[in-house]
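Please read the structure below before turning to the comments.
Read-outs throughout are calculated quantities, based only on the coordinates presented, and are distinct from any laboratory measurement. Small disclaimer: the values here were computed from a predicted structure and weren't measured. Counting neighbours? That spans all protein chains shown, and the Cβs are built from the backbone with ideal geometry, glycine included.
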Amino acid sequence: MNFDLKSHEAIQDPYALFAEMRETAPVHWNPSVKAWVVTRHVDAKTVLTDTRFSVEKLNPLVDHLSGKNKSKVGEIARVLGDWMVFRDPPSHTRLRRVLQGAFKPRKLRKQRRMVERVAEELLDTLEDRGQIDFLHDFAWPFPAFVIADLMGIDRVHVPKLKEWAVEIGKFVLIARSTPDKYDRAAKAIREITVFYQEVVDDHRRNPRDDLIGLMIRGGDDGSDFMSDDEIVSTMVLMLFAGHETTTNLIANGMLNLLRRPEQMALIGQKPALIPLAVEEFLRYESSVQMVARIAVDEIELGGETIAKGDRVYALTAAANRDPECFENAEHFDVTRSQNPHYAFGLGIHLCLGAPLARIEAQVAFAALFRRFSDFKLEADTVEWSDEFVTRALKALPISFRKRR
Amino acid sequence: MQKWVCLSCEWVYDPDEGCPEDDISPATPFEDLPGNWTCSECGTPKSNFASLEVDRVQGLARPRTENGNTEYD
């Protein structure tokens, strides 16, 4: 078996490879990524929920490296190691509990008006252009402005934060062809840490009722202390996890509608379908294609024996097209009502920002369909970014007409 | 009363308890929840819930939707 997940062909279109892996080697050791690869829905669920699969994978990576890379990655790991997504209980539980209340659907419903305002403001600037790069002109700034507003960070800083996020992403998202990715990520981590520490200091001097204020207070009831290092690290995580993934959710959703005018028309005729359509965007072209874990014990899975210490990749994007779980799994259907996808993971590490991402995507498409029509893809082909953890377009040129 | 499970995050709606967080009082059947109600944990639409009465296949709840069909039939 030689499934090269990092080949250019697989990055551009991984789904045929996913299907072949699901059918012939649903759990296998994959030399191209030096990890066990898990592709079926049922097995992905085990990886996501069984506590024998740990998320604390940075230290093993540091241990595995040597020389200069070891010290650079060690520097990165000291900051990213405080991300709750890289922590097992009990520290994961404490870090998550601080923010959990703020991301509950009920709390976010109160923020919906703010999210709608951000979308409308952006579309105001685009409506007369008729032709835009949907990715860079809308899908990118929209969630960036939302998360900046929620965190209480002035939007003027967003472009710089984006630069840092891209550089850190080269490390986290396993960029295929960035040989100096450790240097670049380490430099970005140093700079963003200084920036965020100043924001935290300012919040301490001038307390505010935003996400940073919530972390400083230690959660709603003040019972979960977070150190400044943990707060700064969580801010990096929120920008990283709360922005790019939503950008890709919105852009990938739009691409799949552009490729299927009949599905686009269904939403145009019945905007009430938008929440279901967003679930289908999440399933069919997931922003996050896989999750990584470390086996902390010897584990039998899918007829294979995973050794203690082995790295395991659950390809949730492959699980999301598993025909054992989804009827017409390769068919994109915005009316699909039962949609148990793993785009946000599952279990204790289920994406904290899932309710916010859903609201953002729903608000974005509601505003787009209300204000514009005749969306068209203005390119023969699209190109995907050189990462296999996320599914990210490089650009999405479209045209549209303003509704009268 | 019938419990329902979220197919996105597996949070369970128990009608006996309702959902005080969402101002849903105890003894409210799932069918009576507003159409725009979403999962209290992850925000997925109401339609992405399934009744817990049916067997679990491969660890996944696969049961009856509101119109009585089984999920993956």
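Once the C-beta distance of A:E198 and B:T28 is scaled by a Förster radius of 35 Å, the resulting FRET efficiency is 0.15 to the nearest 0.05. Kindly flag which residue pairs out of A:K107/A:K160; A:K162/B:K46; A:K72/A:K162 have an alpha-carbon separation exceeding 26 Å in this structure. Over 26 Å Cα-Cα: A:K107/A:K160; A:K162/B:K46.
Look at the alpha carbon pairs under 8 Å that are at least 6 residues apart: their mean separation over the length of region B:4-61 gives a relative contact order of 36 percent. Which shape class, rounded, prolate or oblate, goes with region A:171-257 when its Cα gyration tensor gives a ≥ b ≥ c as root eigenvalues, a/c under 1.5 marks rounded, and past that a/b bigger than b/c marks prolate? Oblate, since a/c reaches 1.5 and b/c is not below a/b.
Say R0 is 30 Å: what FRET efficiency, to the nearest 0.05, do A:R117 and B:E53 get from their beta-carbon distance? For A:R117 and B:E53, the calculated efficiency is 0.10.
Result for chain A in a Gaussian network model with C-alpha springs under 10 Å: among A:V38, A:V382, A:V312, the largest mean-square fluctuation is at A:V382. Each part gets one Cα centre, and for region A:89-163 versus region B:1-56 those centres are 28 Å apart.
Between the residues A:V382, A:F145, A:I11, the greatest Cα displacement towards the positive end of the dipole of chain A, with unit charges on the Cβ of Lys, Arg, Asp and Glu, is found for A:F145.
Fewest neighbouring Cβ atoms within 10 Å first, the residues A:T51, A:T46 line up as A:T51, A:T46.
Here's the picture: a label point sits 7 Å out from the Cα of A:D128 along the beta-carbon direction, and within region A:336-376 the residues with their amide nitrogen under 20 Å of it are A:368, A:371-373.
A crude spin-label estimate for the pair A:H136 and A:H8, with each label 7 Å from Cα along the Cβ direction, gives 2.2 nm. Computed from the C-beta positions of A:D180 and B:D16, the FRET efficiency with R₀ = 45 Å rounds to 0.15. Pairs of C-alpha atoms in region A:54-203 farther apart than 25 Å represent 45 percent of all such pairs. Mean partner shielding of peptide A:266-277, defined as the number of other chain Cβ atoms within 10 Å of each residue Cβ, is 1.
Between A:D221 and A:I348, the modelled label-to-label distance comes to 1.9 nm, taking each label 7 Å out from Cα in the direction of the beta carbon. The GNM of chain A, with springs linking C-alpha atoms under 10 angstrom apart, assigns the highest mean-square fluctuation among A:A272, A:A102, A:A392 to A:A272. Structure remark: mean-square fluctuation, Gaussian network model of chain A, C-alpha springs under 10 Å; the largest value among A:Q12, A:Q362, A:Q269 belongs to A:Q269.
Look at the stretch A:323-329: the mean tally of other chain Cβ atoms within 10 Å of its residues' Cβ atoms is 2. What the phi angles of region A:242-256 give under the Karplus curve with 6.51, -1.76 and 1.60, with θ = phi - 60°, is a coupling list of x, 10, 4, 5, 6, 3, 6, 4, 6, 5, 5, x, 4, 4, 5 Hz, glycine and proline written as x.
For region A:198-321, list log₁₀ I(q)/I(0) at each q in 0.14, 0.15, 0.21 Å⁻¹, using the Debye formula over Cα point scatterers of equal strength and ignoring solvent, two decimals each. With no solvent term, the Cα-only Debye profile gives -0.90, -0.93, -1.06. Averaging 1/r over each pair of different alpha-carbon atoms in region A:327-400 and inverting the result gives 15.5 Å, the Kirkwood hydrodynamic radius. Oblate is the label for chain A, because the ratio a/c of its alpha-carbon gyration tensor axes (a ≥ b ≥ c) is 1.5 or higher and a/b is not greater than b/c.
From least to most packed, judged by other beta carbons within 10 angstrom and beginning with the fewest, A:V146, A:V47 follow the order A:V146, A:V47. Separation of the alpha carbons by more than 26 angstrom is noted, of A:K45/A:K70; A:K57/A:K181; A:K104/A:K394, for A:K45/A:K70; A:K104/A:K394.
To the nearest Å, what is the center-to-center distance of region A:240-267 and region A:295-371, using C-alpha atoms only? Between the Cα centres of region A:240-267 and region A:295-371 lies a distance of 16 Å. Straight-line cross-link partners of A:K270 among the aspartates and glutamates, defined as a Cα under 13 Å from its Cα and at least 8 positions apart when in the same chain: A:E262. Label separation (A:D210 vs A:V166): 2.4 nm, computed from points 7 Å beyond Cα along the C-beta direction.
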